[in-house]
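Visitor: Have a look at the structure that comes next, please.
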Amino acid sequence: MNPTHSNPTSLQSFSGISRLLILNTDSYKTSHYLQYPPGTSKVFSYIESRGGVHDRTVFFGLQYILKEYLVKPVTASDVELADEVCRAHGVPFNRAGWLHIVNAHQGRLPVRILAVPEGSVVPTRNVLLTIENTDPACYWLTSFLETVLMRVWYPITVATNSWMCRQLIHKYLVETGDESTITGKLHDFGARGVSSMESALIGGMAHLVNFQGTDTLTAVLGARVYYGAAMAGFSTPAAEHSTITSWGRDGERDAYANMLQQYAQPGAVLAVVSDSYDLDHAVKKIWGQELRQQVMDSGALVVIRPDSGDPASMVLNTIRALDASFGSTVNAKGYRVLQHVRVLQGDGITIRSIRTILANLQFNGYSADNVAFSQGGALLQIVNRDDQRFAMKCSAVEVNGAWRDVFKSPRTDPQKRSRAGRQMLLQKGNEYRTEVEGSTAMASALEQGFSGALQVVFENGSLLVDDTLATIRERAEAAGGQYKPGYFSAVSS
(Lines give C-alpha, C1' and ligand atoms only; values in the text may rest on other atoms or scores of the structure.)
Protein backbone atom coordinates (compact mmCIF):
# COMPACT_ATOMS: atom_id res chain seq x y z
CA MET A 1 0.00 0.00 0.00
CA ASN A 2 1.25 3.49 -0.86
CA PRO A 3 1.32 5.46 2.43
CA THR A 4 0.88 8.75 0.57
CA HIS A 5 -2.60 7.75 -0.52
CA SER A 6 -3.64 5.65 2.48
CA ASN A 7 -4.16 8.59 4.85
CA PRO A 8 -7.54 10.33 4.38
CA THR A 9 -6.25 13.48 6.11
CA SER A 10 -3.29 13.92 3.77
CA LEU A 11 -2.97 17.32 2.15
CA GLN A 12 -3.58 17.23 -1.57
CA SER A 13 -1.51 20.18 -2.81
CA PHE A 14 1.31 22.50 -1.87
CA SER A 15 -1.17 25.34 -1.37
CA GLY A 16 -2.78 23.28 1.37
CA ILE A 17 0.60 22.67 3.01
CA SER A 18 1.69 26.30 2.79
CA ARG A 19 -1.48 27.56 4.43
CA LEU A 20 -1.22 25.13 7.36
CA LEU A 21 0.24 27.56 9.88
CA ILE A 22 0.18 24.99 12.67
CA LEU A 23 3.09 23.15 11.01
CA ASN A 24 4.75 26.17 9.43
CA THR A 25 7.64 25.96 11.86
CA ASP A 26 10.84 24.05 12.62
CA SER A 27 10.37 20.56 13.98
CA TYR A 28 12.13 21.23 17.26
CA LYS A 29 9.78 24.10 18.07
CA THR A 30 6.92 21.66 18.57
CA SER A 31 8.71 20.50 21.74
CA HIS A 32 9.40 23.94 23.23
CA TYR A 33 6.08 24.35 25.04
CA LEU A 34 7.40 22.00 27.76
CA GLN A 35 10.77 23.76 28.10
CA TYR A 36 9.89 27.15 29.64
CA PRO A 37 10.06 27.67 33.42
CA PRO A 38 6.96 26.74 35.43
CA GLY A 39 4.72 29.75 35.83
CA THR A 40 5.67 31.31 32.48
CA SER A 41 2.79 33.41 31.15
CA LYS A 42 4.35 35.78 28.59
CA VAL A 43 7.18 35.54 26.07
CA PHE A 44 8.43 38.70 24.31
CA SER A 45 10.66 38.52 21.21
CA TYR A 46 12.04 40.95 18.64
CA ILE A 47 13.49 40.97 15.11
CA GLU A 48 16.43 43.10 14.06
CA SER A 49 19.19 43.37 11.49
CA ARG A 50 22.43 43.15 13.44
CA GLY A 51 24.43 44.85 10.67
CA GLY A 52 25.66 43.53 7.36
CA VAL A 53 26.26 44.58 3.78
CA HIS A 54 24.27 47.79 4.19
CA ASP A 55 24.09 50.20 7.10
CA ARG A 56 20.29 50.32 7.08
CA THR A 57 17.31 48.30 5.92
CA VAL A 58 14.03 49.01 4.14
CA PHE A 59 11.27 47.32 6.13
CA PHE A 60 8.88 45.51 3.81
CA GLY A 61 6.92 42.28 3.42
CA LEU A 62 5.39 41.68 6.85
CA GLN A 63 1.93 42.62 5.59
CA TYR A 64 2.15 39.85 3.00
CA ILE A 65 3.15 37.31 5.66
CA LEU A 66 0.36 38.36 7.99
CA LYS A 67 -2.29 38.26 5.28
CA GLU A 68 -1.13 35.00 3.77
CA TYR A 69 -0.38 32.99 6.90
CA LEU A 70 -1.51 34.50 10.21
CA VAL A 71 -5.03 35.85 9.70
CA LYS A 72 -6.53 32.49 8.75
CA PRO A 73 -7.94 30.80 11.89
CA VAL A 74 -6.54 27.47 12.97
CA THR A 75 -9.15 24.69 12.88
CA ALA A 76 -9.72 21.48 14.81
CA SER A 77 -8.91 19.51 11.67
CA ASP A 78 -5.58 21.35 11.46
CA VAL A 79 -4.85 20.17 14.99
CA GLU A 80 -5.75 16.58 14.15
CA LEU A 81 -3.46 16.55 11.13
CA ALA A 82 -0.58 18.23 12.98
CA ASP A 83 -0.90 15.76 15.85
CA GLU A 84 -0.76 12.84 13.43
CA VAL A 85 2.22 14.26 11.51
CA CYS A 86 4.24 15.09 14.61
CA ARG A 87 3.71 11.68 16.21
CA ALA A 88 4.86 9.98 13.02
CA HIS A 89 7.74 12.49 12.70
CA GLY A 90 9.03 11.70 16.18
CA VAL A 91 8.45 15.04 17.93
CA PRO A 92 6.00 16.12 20.65
CA PHE A 93 2.93 18.16 19.74
CA ASN A 94 1.04 20.61 21.94
CA ARG A 95 -2.40 19.28 21.11
CA ALA A 96 -4.03 20.78 24.21
CA GLY A 97 -2.46 24.19 23.54
CA TRP A 98 -3.64 24.35 19.96
CA LEU A 99 -7.13 23.10 20.85
CA HIS A 100 -7.24 25.88 23.46
CA ILE A 101 -6.62 28.38 20.65
CA VAL A 102 -9.35 26.74 18.56
CA ASN A 103 -11.91 26.66 21.37
CA ALA A 104 -11.12 29.80 23.36
CA HIS A 105 -10.12 32.06 20.45
CA GLN A 106 -11.99 30.53 17.52
CA GLY A 107 -8.64 29.61 16.05
CA ARG A 108 -7.41 33.22 15.99
CA LEU A 109 -3.83 33.63 17.16
CA PRO A 110 -3.58 35.32 20.59
CA VAL A 111 -0.47 37.39 19.87
CA ARG A 112 0.31 41.07 19.47
CA ILE A 113 2.80 42.13 16.80
CA LEU A 114 4.26 45.62 16.62
CA ALA A 115 6.37 46.73 13.66
CA VAL A 116 7.88 49.79 12.09
CA PRO A 117 5.73 51.03 9.16
CA GLU A 118 6.59 49.31 5.90
CA GLY A 119 8.77 51.47 3.68
CA SER A 120 10.64 52.87 6.69
CA VAL A 121 14.41 52.95 6.26
CA VAL A 122 15.95 52.11 9.63
CA PRO A 123 19.65 51.92 10.53
CA THR A 124 20.82 48.42 11.40
CA ARG A 125 21.07 47.27 15.02
CA ASN A 126 17.57 48.53 15.73
CA VAL A 127 14.46 46.56 16.55
CA LEU A 128 12.06 46.34 13.60
CA LEU A 129 9.35 44.07 15.01
CA THR A 130 8.23 42.75 18.40
CA ILE A 131 5.81 39.97 19.28
CA GLU A 132 4.29 38.67 22.52
CA ASN A 133 1.38 36.43 23.41
CA THR A 134 -1.84 37.96 24.77
CA ASP A 135 -3.19 34.78 26.40
CA PRO A 136 -1.05 33.54 29.33
CA ALA A 137 -1.89 29.96 28.38
CA CYS A 138 -0.18 30.52 25.01
CA TYR A 139 3.26 31.69 26.18
CA TRP A 140 4.79 29.09 23.84
CA LEU A 141 3.20 30.61 20.73
CA THR A 142 5.58 33.58 20.47
CA SER A 143 8.60 31.45 19.69
CA PHE A 144 6.59 28.95 17.66
CA LEU A 145 5.88 31.73 15.11
CA GLU A 146 9.55 32.61 14.67
CA THR A 147 9.98 30.50 11.56
CA VAL A 148 7.24 32.17 9.53
CA LEU A 149 7.95 35.69 10.81
CA MET A 150 11.71 35.41 10.35
CA ARG A 151 11.19 34.97 6.61
CA VAL A 152 10.58 38.72 6.46
CA TRP A 153 14.38 38.91 6.08
CA TYR A 154 13.94 38.10 2.38
CA PRO A 155 11.70 40.97 1.23
CA ILE A 156 13.57 43.35 3.53
CA THR A 157 16.92 42.36 2.01
CA VAL A 158 15.66 42.60 -1.58
CA ALA A 159 13.98 45.94 -0.88
CA THR A 160 17.15 47.21 0.77
CA ASN A 161 19.44 46.18 -2.08
CA SER A 162 17.03 47.72 -4.58
CA TRP A 163 16.73 50.91 -2.51
CA MET A 164 20.50 51.28 -2.34
CA CYS A 165 20.69 50.92 -6.11
CA ARG A 166 18.05 53.61 -6.42
CA GLN A 167 20.06 56.03 -4.25
CA LEU A 168 23.14 55.40 -6.37
CA ILE A 169 21.41 55.84 -9.73
CA HIS A 170 19.56 58.89 -8.44
CA LYS A 171 22.86 60.49 -7.47
CA TYR A 172 24.11 60.26 -11.05
CA LEU A 173 20.80 61.40 -12.50
CA VAL A 174 20.90 64.49 -10.28
CA GLU A 175 24.42 65.24 -11.46
CA THR A 176 24.06 64.41 -15.16
CA GLY A 177 20.44 63.88 -16.20
CA ASP A 178 16.74 63.82 -15.41
CA GLU A 179 16.07 62.51 -11.91
CA SER A 180 12.35 62.16 -12.64
CA THR A 181 13.14 59.02 -14.68
CA ILE A 182 14.45 57.11 -11.66
CA THR A 183 11.53 54.67 -11.33
CA GLY A 184 12.38 53.04 -14.67
CA LYS A 185 16.10 52.72 -14.21
CA LEU A 186 16.38 49.24 -12.67
CA HIS A 187 14.26 46.48 -14.18
CA ASP A 188 13.44 43.16 -12.50
CA PHE A 189 14.34 40.18 -14.72
CA GLY A 190 14.48 37.76 -11.80
CA ALA A 191 11.40 35.55 -12.16
CA ARG A 192 13.25 32.64 -13.78
CA GLY A 193 16.20 32.87 -11.43
CA VAL A 194 14.42 32.34 -8.12
CA SER A 195 13.65 29.18 -6.22
CA SER A 196 9.87 29.37 -6.46
CA MET A 197 6.89 31.33 -7.68
CA GLU A 198 6.38 32.64 -4.14
CA SER A 199 9.94 33.96 -4.09
CA ALA A 200 9.24 35.77 -7.35
CA LEU A 201 6.10 37.26 -5.86
CA ILE A 202 7.68 38.36 -2.58
CA GLY A 203 11.03 39.53 -3.95
CA GLY A 204 9.42 41.12 -6.98
CA MET A 205 7.07 43.13 -4.76
CA ALA A 206 10.03 44.23 -2.63
CA HIS A 207 11.76 45.63 -5.72
CA LEU A 208 8.57 47.47 -6.67
CA VAL A 209 8.89 49.53 -3.50
CA ASN A 210 11.67 51.43 -5.26
CA PHE A 211 11.18 51.00 -9.02
CA GLN A 212 8.37 50.40 -11.49
CA GLY A 213 10.25 48.35 -14.09
CA THR A 214 9.55 44.64 -13.90
CA ASP A 215 9.10 41.53 -16.00
CA THR A 216 7.96 39.54 -12.96
CA LEU A 217 4.23 39.36 -13.54
CA THR A 218 3.74 37.43 -10.31
CA ALA A 219 4.98 40.48 -8.40
CA VAL A 220 2.49 42.72 -10.17
CA LEU A 221 -0.32 40.39 -9.16
CA GLY A 222 1.02 40.18 -5.61
CA ALA A 223 1.13 43.96 -5.27
CA ARG A 224 -2.50 44.06 -6.42
CA VAL A 225 -3.69 41.43 -3.92
CA TYR A 226 -1.59 42.27 -0.85
CA TYR A 227 -0.81 45.98 -1.24
CA GLY A 228 -3.73 47.48 -3.17
CA ALA A 229 -1.77 48.50 -6.26
CA ALA A 230 -3.92 48.17 -9.39
CA MET A 231 -0.76 48.23 -11.51
CA ALA A 232 2.55 48.45 -9.70
CA GLY A 233 5.00 47.86 -12.54
CA PHE A 234 5.47 48.17 -16.26
CA SER A 235 7.35 46.56 -19.11
CA THR A 236 7.76 46.88 -22.86
CA PRO A 237 7.97 44.57 -25.88
CA ALA A 238 11.46 43.11 -25.98
CA ALA A 239 13.43 40.57 -27.97
CA GLU A 240 15.29 37.61 -26.57
CA HIS A 241 18.10 35.68 -28.24
CA SER A 242 15.79 32.95 -29.53
CA THR A 243 13.58 35.41 -31.40
CA ILE A 244 16.63 37.00 -33.02
CA THR A 245 18.70 33.91 -33.77
CA SER A 246 15.70 32.02 -35.18
CA TRP A 247 16.12 34.26 -38.26
CA GLY A 248 19.65 32.91 -38.73
CA ARG A 249 22.86 34.88 -38.78
CA ASP A 250 22.18 36.15 -42.29
CA GLY A 251 18.73 37.26 -41.15
CA GLU A 252 19.87 39.35 -38.19
CA ARG A 253 18.95 42.60 -39.92
CA ASP A 254 15.52 41.23 -40.80
CA ALA A 255 14.97 40.20 -37.19
CA TYR A 256 15.66 43.75 -36.00
CA ALA A 257 13.55 45.23 -38.80
CA ASN A 258 10.69 42.97 -37.76
CA MET A 259 10.89 44.36 -34.23
CA LEU A 260 10.54 47.86 -35.65
CA GLN A 261 7.67 46.84 -37.88
CA GLN A 262 5.78 45.14 -35.05
CA TYR A 263 6.28 47.59 -32.20
CA ALA A 264 7.90 50.87 -33.25
CA GLN A 265 5.39 53.69 -33.30
CA PRO A 266 5.41 57.24 -31.97
CA GLY A 267 5.90 57.27 -28.22
CA ALA A 268 6.55 53.54 -27.94
CA VAL A 269 9.53 51.91 -26.26
CA LEU A 270 10.98 48.58 -27.38
CA ALA A 271 14.13 46.71 -26.41
CA VAL A 272 16.26 44.57 -28.73
CA VAL A 273 19.07 42.32 -27.55
CA SER A 274 21.85 42.86 -30.09
CA ASP A 275 24.85 40.74 -29.13
CA SER A 276 23.72 37.41 -30.59
CA TYR A 277 26.70 37.43 -32.99
CA ASP A 278 28.73 40.62 -33.10
CA LEU A 279 27.52 43.56 -31.01
CA ASP A 280 29.88 46.02 -32.66
CA HIS A 281 28.62 45.07 -36.12
CA ALA A 282 25.00 45.16 -35.01
CA VAL A 283 25.31 48.61 -33.45
CA LYS A 284 27.47 50.30 -36.07
CA LYS A 285 26.33 48.60 -39.28
CA ILE A 286 22.77 47.33 -38.81
CA TRP A 287 21.32 49.84 -36.33
CA GLY A 288 23.65 52.71 -37.18
CA GLN A 289 23.35 52.48 -40.98
CA GLU A 290 20.87 50.01 -42.42
CA LEU A 291 18.01 50.67 -39.97
CA ARG A 292 18.96 54.16 -38.89
CA GLN A 293 16.34 56.02 -40.88
CA GLN A 294 13.63 53.53 -39.97
CA VAL A 295 14.38 54.03 -36.28
CA MET A 296 14.34 57.80 -36.60
CA ASP A 297 11.14 57.87 -38.65
CA SER A 298 9.29 55.54 -36.28
CA GLY A 299 8.99 58.01 -33.42
CA ALA A 300 9.78 55.19 -30.99
CA LEU A 301 12.57 54.96 -28.47
CA VAL A 302 14.63 51.91 -29.41
CA VAL A 303 16.63 50.40 -26.56
CA ILE A 304 19.70 48.40 -27.56
CA ARG A 305 20.68 45.65 -25.13
CA PRO A 306 24.26 44.37 -24.91
CA ASP A 307 24.25 41.09 -23.00
CA SER A 308 27.88 40.01 -22.78
CA GLY A 309 31.35 41.40 -22.25
CA ASP A 310 32.63 43.81 -19.62
CA PRO A 311 29.60 45.92 -18.58
CA ALA A 312 31.39 49.25 -18.14
CA SER A 313 33.21 49.17 -21.48
CA MET A 314 30.28 47.63 -23.38
CA VAL A 315 27.87 50.36 -22.25
CA LEU A 316 30.25 53.21 -23.01
CA ASN A 317 31.30 51.78 -26.40
CA THR A 318 27.69 51.11 -27.39
CA ILE A 319 26.60 54.62 -26.43
CA ARG A 320 29.53 56.14 -28.34
CA ALA A 321 28.68 54.13 -31.45
CA LEU A 322 25.00 55.07 -31.22
CA ASP A 323 25.97 58.71 -30.73
CA ALA A 324 28.01 58.59 -33.92
CA SER A 325 24.98 57.33 -35.87
CA PHE A 326 21.97 58.95 -34.21
CA GLY A 327 23.49 62.00 -32.62
CA SER A 328 22.95 63.48 -29.19
CA THR A 329 22.03 66.71 -27.51
CA VAL A 330 23.72 68.40 -24.57
CA ASN A 331 21.39 68.83 -21.62
CA ALA A 332 21.28 71.72 -19.15
CA LYS A 333 23.83 69.94 -16.94
CA GLY A 334 26.35 69.72 -19.75
CA TYR A 335 26.07 66.00 -20.55
CA ARG A 336 25.18 64.29 -23.80
CA VAL A 337 21.86 62.50 -24.24
CA LEU A 338 21.30 60.18 -27.21
CA GLN A 339 18.52 60.86 -29.71
CA HIS A 340 16.06 58.10 -30.69
CA VAL A 341 17.94 55.31 -28.85
CA ARG A 342 19.01 54.17 -25.39
CA VAL A 343 20.99 51.27 -23.88
CA LEU A 344 19.82 48.59 -21.44
CA GLN A 345 22.52 46.68 -19.56
CA GLY A 346 21.37 43.52 -17.82
CA ASP A 347 24.46 41.33 -17.78
CA GLY A 348 26.74 41.49 -14.75
CA ILE A 349 24.73 44.13 -12.93
CA THR A 350 25.44 44.72 -9.25
CA ILE A 351 25.53 47.89 -7.20
CA ARG A 352 29.28 47.97 -7.82
CA SER A 353 29.02 47.59 -11.59
CA ILE A 354 26.24 50.19 -11.73
CA ARG A 355 28.52 52.68 -10.05
CA THR A 356 31.39 51.84 -12.39
CA ILE A 357 29.19 52.18 -15.47
CA LEU A 358 27.67 55.50 -14.42
CA ALA A 359 30.98 56.97 -13.28
CA ASN A 360 32.51 55.95 -16.61
CA LEU A 361 29.71 57.62 -18.55
CA GLN A 362 29.95 60.78 -16.48
CA PHE A 363 33.72 60.96 -16.93
CA ASN A 364 33.25 60.72 -20.70
CA GLY A 365 30.56 63.39 -20.83
CA TYR A 366 27.44 61.20 -21.13
CA SER A 367 24.31 61.50 -19.04
CA ALA A 368 22.92 58.66 -16.93
CA ASP A 369 19.75 59.21 -19.00
CA ASN A 370 21.32 57.08 -21.72
CA VAL A 371 21.29 53.81 -19.82
CA ALA A 372 18.95 51.67 -17.76
CA PHE A 373 19.77 48.47 -15.91
CA SER A 374 18.17 45.10 -15.27
CA GLN A 375 18.90 42.40 -12.72
CA GLY A 376 17.84 38.79 -12.46
CA GLY A 377 19.22 36.40 -9.90
CA ALA A 378 21.38 39.13 -8.37
CA LEU A 379 18.20 40.99 -7.43
CA LEU A 380 15.89 38.22 -6.21
CA GLN A 381 18.00 35.12 -5.55
CA ILE A 382 21.60 35.88 -4.61
CA VAL A 383 20.66 37.02 -1.11
CA ASN A 384 20.57 35.30 2.26
CA ARG A 385 19.59 35.99 5.86
CA ASP A 386 23.18 36.72 6.83
CA ASP A 387 23.55 39.56 4.33
CA GLN A 388 21.96 41.80 6.96
CA ARG A 389 22.47 39.35 9.86
CA PHE A 390 18.78 39.05 10.69
CA ALA A 391 17.71 37.38 13.91
CA MET A 392 14.62 36.93 16.05
CA LYS A 393 15.38 36.57 19.76
CA CYS A 394 13.45 36.28 22.99
CA SER A 395 14.39 39.18 25.27
CA ALA A 396 11.90 38.96 28.15
CA VAL A 397 9.57 36.48 29.82
CA GLU A 398 6.95 36.86 32.51
CA VAL A 399 7.18 34.15 35.18
CA ASN A 400 4.83 34.04 38.17
CA GLY A 401 3.66 37.55 37.33
CA ALA A 402 7.12 39.15 37.20
CA TRP A 403 9.06 40.11 34.07
CA ARG A 404 12.64 38.93 33.77
CA ASP A 405 15.25 39.84 31.17
CA VAL A 406 16.33 37.11 28.76
CA PHE A 407 19.44 37.20 26.59
CA LYS A 408 22.24 35.08 25.17
CA SER A 409 25.91 36.00 25.49
CA PRO A 410 28.14 33.27 24.05
CA ARG A 411 31.82 33.59 24.97
CA THR A 412 32.74 32.04 21.64
CA ASP A 413 31.07 34.84 19.63
CA PRO A 414 30.36 38.08 21.53
CA GLN A 415 28.74 39.57 18.41
CA LYS A 416 25.86 37.15 18.91
CA ARG A 417 24.92 38.66 22.27
CA SER A 418 21.20 39.42 22.11
CA ARG A 419 19.17 42.22 23.65
CA ALA A 420 17.64 41.94 27.10
CA GLY A 421 14.28 43.34 28.20
CA ARG A 422 11.15 44.53 26.44
CA GLN A 423 12.51 46.38 23.43
CA MET A 424 11.08 49.58 21.98
CA LEU A 425 12.05 51.44 18.79
CA LEU A 426 12.04 55.21 19.20
CA GLN A 427 12.18 57.85 16.49
CA LYS A 428 12.83 61.57 16.26
CA GLY A 429 12.75 62.76 12.67
CA ASN A 430 15.25 60.60 10.79
CA GLU A 431 16.97 59.34 13.93
CA TYR A 432 16.16 55.95 15.48
CA ARG A 433 17.06 54.43 18.84
CA THR A 434 16.23 51.10 20.44
CA GLU A 435 15.71 51.21 24.20
CA VAL A 436 14.27 48.98 26.89
CA GLU A 437 10.71 49.79 27.86
CA GLY A 438 10.59 51.64 31.18
CA SER A 439 14.33 52.19 31.33
CA THR A 440 16.07 55.41 32.32
CA ALA A 441 17.52 55.63 28.80
CA MET A 442 14.05 55.42 27.29
CA ALA A 443 12.74 58.13 29.63
CA SER A 444 15.66 60.35 28.65
CA ALA A 445 14.99 59.75 24.94
CA LEU A 446 11.33 60.68 25.36
CA GLU A 447 12.38 63.91 27.08
CA GLN A 448 14.59 64.64 24.06
CA GLY A 449 11.62 64.43 21.72
CA PHE A 450 11.74 60.79 20.65
CA SER A 451 8.50 58.85 20.39
CA GLY A 452 7.49 55.28 19.73
CA ALA A 453 8.13 54.16 16.13
CA LEU A 454 6.42 50.77 16.30
CA GLN A 455 2.72 50.33 15.59
CA VAL A 456 0.40 47.44 16.40
CA VAL A 457 -0.10 45.67 13.07
CA PHE A 458 -1.63 42.38 14.26
CA GLU A 459 -3.53 41.48 17.40
CA ASN A 460 -5.54 38.41 18.32
CA GLY A 461 -5.94 37.23 14.77
CA SER A 462 -6.78 40.62 13.24
CA LEU A 463 -4.72 42.67 10.79
CA LEU A 464 -4.79 46.25 12.11
CA VAL A 465 -2.69 48.01 9.46
CA ASP A 466 -3.24 47.56 5.73
CA ASP A 467 -0.88 49.90 3.89
CA THR A 468 -0.98 50.48 0.16
CA LEU A 469 2.13 50.14 -1.96
CA ALA A 470 1.76 53.84 -2.80
CA THR A 471 2.10 54.78 0.89
CA ILE A 472 5.06 52.45 1.35
CA ARG A 473 6.78 53.91 -1.70
CA GLU A 474 6.33 57.42 -0.32
CA ARG A 475 8.04 56.46 2.93
CA ALA A 476 10.97 54.81 1.18
CA GLU A 477 11.38 57.70 -1.24
CA ALA A 478 11.27 60.28 1.55
CA ALA A 479 14.01 58.42 3.40
CA GLY A 480 16.16 58.52 0.28
CA GLY A 481 16.15 62.28 0.41
CA GLN A 482 18.05 62.19 3.68
CA TYR A 483 20.60 59.52 2.74
CA LYS A 484 24.21 60.56 2.26
CA PRO A 485 25.62 58.67 -0.76
CA GLY A 486 29.26 58.69 0.33
CA TYR A 487 28.69 55.02 1.11
CA PHE A 488 28.90 54.12 -2.55
CA SER A 489 32.62 54.73 -2.86
CA ALA A 490 33.09 52.00 -0.27
CA VAL A 491 30.92 49.34 -1.93
CA SER A 492 32.68 49.76 -5.26
CA SER A 493 36.18 49.25 -3.89
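The values are calculated or read from the model by the stated rules, or taken from the named source; none is laboratory data. As the structure is a computational prediction, the values presented were derived from the model and not from experiment. Here the Cβ positions follow ideal geometry from the backbone for every residue, glycine too, while neighbour counts run over all protein chains shown. For accessibility, only protein heavy atoms count, side chains too; no ligands or nucleic acids. Shrake-Rupley method; radii C 1.70, N 1.55, O 1.52, S 1.80 Å.
Visitor: In whole Hz, what ³J(HN,Hα) sequence does region 234-240 give by Karplus (6.51, -1.76, 1.60; θ = phi - 60°), x for Gly and Pro?
Guide: 9, 9, 9, x, 8, 8, 10
Visitor: With every protein chain left in place and a probe of 1.4 Å, what is the accessible surface of R352, to the nearest 10 Å²?
Guide: 120
Visitor: Something else now. Give me the dipole magnitude in Debye, nearest 20, for the chain about the Cα centre, with unit charges on the beta carbon: positive for Lys and Arg, negative for Asp and Glu.
Guide: 1020
Visitor: Still on this structure, please answer the following. Looking at the square roots a ≥ b ≥ c of the eigenvalues of the Cα gyration tensor of region 249-371, which shape do they give, rounded for a/c under 1.5, prolate if a/b is larger than b/c, or oblate?
Guide: It is oblate, given that a/c is not under 1.5 and a/b is not larger than b/c.
Visitor: Angle, helix 153-176 long axis vs. longest principal axis of the chain, Cα atoms, 0 to 90°, nearest 10?
Guide: Taking Cα atoms only, the helix is inclined about 30 degrees.
Visitor: Assign one of three labels to region 409-455, namely rounded, prolate or oblate, based on the Cα gyration tensor with a ≥ b ≥ c the square roots of its eigenvalues; rounded applies when a/c is under 1.5, prolate when it is not and a/b is larger than b/c, and oblate otherwise.
Guide: prolate
Visitor: For region 284-307 and region 222-250, write down the distance between their C-alpha centroids in whole Å.
Guide: Each part's Cα centre sits 20 Å from the other's.
Visitor: Whenever you get a sec, line up K29, K416, K393 from highest to lowest accessible area (probe 1.4 Å, protein heavy atoms).
Guide: Descending accessible area places them as K416, K393, K29.
Visitor: What ranking of W403, W163 comes out by heavy-atom accessible area, probe 1.4 Å, highest first?
Guide: W403, W163
Visitor: Ok, one more. Using a 1.4 Å probe, how large is the accessible area of L469, given in Å² and rounded to the nearest 10?
Guide: Surface open to solvent at L469 totals about 0 Å².
Visitor: Helix-derived [θ] at 222 nm for the chain: sum -39500 (n - 2.57) over DSSP H runs of at least 4, divide by residue count, nearest 500?
Guide: -10000 deg cm²/dmol
Visitor: How big is the C-alpha Rg of the chain next to the rule-of-thumb value 2.2 N^0.38 Å, as a ratio?
Guide: 1.14
Visitor: Note the angle between two axes, namely the Cα long axis of helix 252-263 and the longest principal axis of the Cα atoms of the chain, as a number of degrees from 0 to 90, rounded to the nearest 10.
Guide: For helix 252-263, the angle is close to 70 degrees.
Visitor: Which of the aspartates and glutamates could a cross-linker span from K428 if the Cα-Cα distance has to be under 20 Å and same-chain partners fewer than 8 positions apart are dropped?
Guide: E48, D55, E118, E437, E447, E474, E477
Visitor: Using a 1.4 angstrom probe on the protein heavy atoms only, line up M164, M231 by accessible area, largest first.
Guide: I get M231, M164, largest accessible area first.
Visitor: Show the residues, 5+ positions off or on another chain, whose built amide H is closer than 5 Å to the amide H of R342.
Guide: When sequence neighbours closer than 5 places are left aside, the close amide H contacts are V302, V303, I304.
Visitor: Report, by chain and number, residues whose modeled amide H sits under 5 Å from the one on K42, excluding near sequence neighbours (fewer than 5 apart, same chain).
Guide: E398
Visitor: Let me ask something else. Report the far tail of the P(r) of region 331-457, meaning the percent of Cα-Cα pairs longer than 17 Å.
Guide: 75
Visitor: I've got another one for you. If you count only protein heavy atoms and use a 1.4 Å probe, how large is the accessible surface of M314, to the nearest 10 Å²?
Guide: 50
Visitor: Where does helix 95-105 land angle-wise versus the long Cα axis of the chain, in degrees 0 to 90, nearest 10?
Guide: 80
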